[in-house]
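What follows is calculated from the coordinates using simple rules that are stated; it is not laboratory data. Everything numeric in this text was worked out from a predicted model, so none of it was measured. Note that each Cβ is placed from the backbone with ideal geometry, even for glycine, and that neighbours are counted across all protein chains shown.
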Ligand SMILES: NC(=O)c1ccc[n+]([C@@H]2O[C@H](COP(=O)([O-])OP(=O)(O)OC[C@H]3O[C@@H](n4cnc5c(N)ncnc54)[C@H](OP(=O)(O)O)[C@@H]3O)[C@@H](O)[C@H]2O)c1
């Protein structure tokens, strides 16, 4: 039975990842800074992990010898603009959760992923695409996800035997995406699972959407 580790699993896309992988028979390790009744109901093994605590992230142990898949899903918006030291600090805090913590977590579980010949997936966003930024705004979110993409491509180049990818889930109906989003969590996760299934080390470093289309940098 393959094993997957999913961060930010108490709600939203993380919870739907847990539901679908558990439903497909995977052994699911779900992390959250605070668990939820929905997550407890999935039967996944739930471990506490606050992605803003870099010490906790770099010291994290999945408690298994082999990990087939890491999905670094947890993410946060942060300030939309920054014009004060306080907002600058919030911007840095957003980088900790969206950029630095996923990279440190990948490093922490690399031995287990390598032992399984596994895959490292970061949930990014089209909003981190420089080429696609026609409207601006969301300063902390956009810039931290752009940096995540650079960190993850660097991770891919340093680990050429593994499959690494950044995925854009679509604009999805979650607390972050809002109720007016066109894509349901079920559709997004079904699509991303298919894309993840097809990842290979030869295609490592790709930035793909939930339908498998390449997203411009
Ligand atoms: N929804 C969209 O349209 C969309 C589009 C593109 C990309 N994404 C990306 O998809 C991922 C999941 O987003 P979502 O739509 O599911 O958003 P969501 O419903 O707001 O869920 C965000 C998740 O991240 C967790 N999280 C935030 N800060 C955390 C921290 N410090 N430590 C641990 N967990 C933390 C949240 O946990 P708490 O409950 O504890 O806050 C929650 O589980 C994010 O990386 C997001 O950037 C979403």
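So between residue 114 and residue 36, what do we pick up on full extension, going 0.36 nm a residue minus the alpha carbon distance? Please report the intermediate quantities before stating the final value.
Details: separation 78, 0.36 × 78 = 28.08 nm, distance 3.07 nm.
Full extension of this stretch gives 25.0 nm more.
Can you tell me the relative contact order of region 3-209? Whole percent, Cα pairs under 8 Å, sequence separation 6 or more. Write out the running numbers ahead of the final one.
Values: 412 pairs, mean separation 38.9, N = 207.
Relative CO of region 3-209 lands at 19 percent.
Out of all DSSP beta bridges in the chain, what portion is antiparallel? Express it as a percent rounded to 5.
Numbers: 1 of 26 bridges.
So the antiparallel bridges in the chain amount to around 5 percent.
At a 10 Å Cβ-Cβ cut-off, how would you order 26, 152, 171, 217, fewest neighbours first? All intermediate terms of the calculation are to be shown ahead of the outcome.
Numbers: 26 20, 152 25, 171 17, 217 14.
Sorted ascending by nearby Cβ count, the order is 217, 171, 26, 152.
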Worksheet item: What order, most packed first, do the peptides 59-65, 81-87 have when packing is the mean number of other Cβ atoms within 10 Å of each residue?
Response: 59-65, 81-87
Worksheet item: For the chain, what value does the Rg/Rh ratio take when both radii are computed over Cα atoms and Rh is the Kirkwood radius, given to two decimals?
Response: 0.94
Item to complete: Report the label-to-label distance for residue 157 and residue 214 in nanometres (one decimal), using points 7 Å from each Cα along the Cα→Cβ vector.
Response: 1.7
Worksheet item: How large is the helix-only mean residue ellipticity at 222 nm for the chain, computed as the sum of -39500 (n - 2.57) over DSSP H runs with n ≥ 4, divided by its residue count, in deg cm²/dmol to the nearest 500?
Response: -11500 deg cm²/dmol
Worksheet entry | Computed label-point distance, nm, for sites residue 87 and residue 147 using a 7 Å Cα→Cβ extension | 1.7
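Which FRET efficiency, nearest 0.05, do residue 203 and residue 130 yield, Cβ-Cβ r, R0 30 Å? Write out the running numbers ahead of the final one.
Values: r = 22 Å, r/R0 = 0.72.
Calculated transfer efficiency: 0.90.
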Fill in: Nearest-ten-degree value, helix 139-158 long axis tilted from longest Cα axis of the chain
40
